[in-house]
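Beneath this line is the structure, given in structure tokens, with notes to follow.
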Amino acid sequence: QVQLVESGGGLVQAGGSLRLSCTASRSTFSFIYMGWYRQTPGKQREWVATITRGDTTNYADSVRGRFTISRDNAADTVYLQMNSLKPEDTAVYYCKAQTVQVAAWGRGTQVTVSS
């Protein structure tokens, strides 16, 4: 069973930065891809960014140019560097890891951006 633990959320002013971390219970090489999603109350969870086993990255239009996803294989950790944060980035951010058989999710970390 895969376990994912997110950290790094918090309260930041608009224009500020945060770095989220997602540490997996096994090697990140075992996943087809890992990604970050976010959700606000009353809305569906939305995709933010993904990084594949081959280090290909993709971003939602709303965050491209501001957010960067990266991976430290030695630490079994995926990061989301978030710059130029906006109030509309406020959400619970979730980490996802996809294998051939299953998709695993972390419990989420709250990011709040004040105006």
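The values are calculated or read from the model by the stated rules, or taken from the named source; none is laboratory data. Computed from a prediction, not measured in an experiment: that's the story for all the values here. Side chains included, ligands, DNA and RNA excluded: accessible areas come from the protein's heavy atoms. Shrake-Rupley method; radii C 1.70, N 1.55, O 1.52, S 1.80 Å.
Observations on the structure shown:
- Sequence-distant residues sharing a close amide H with Arg26 (under 5 Å, placed H): Gln3
- Apportionment of accessible area to carbon and sulfur, the chain, percent (1.4 Å): 47 percent
- Residue-normalised accessible area of the chain, given per residue in Å² at a 1.4 Å probe: 53 Å²
- P(r) histogram, all alpha-carbon pairs of the chain included - 10 Å bins from 0, percent: 15, 50, 29, 5, 0
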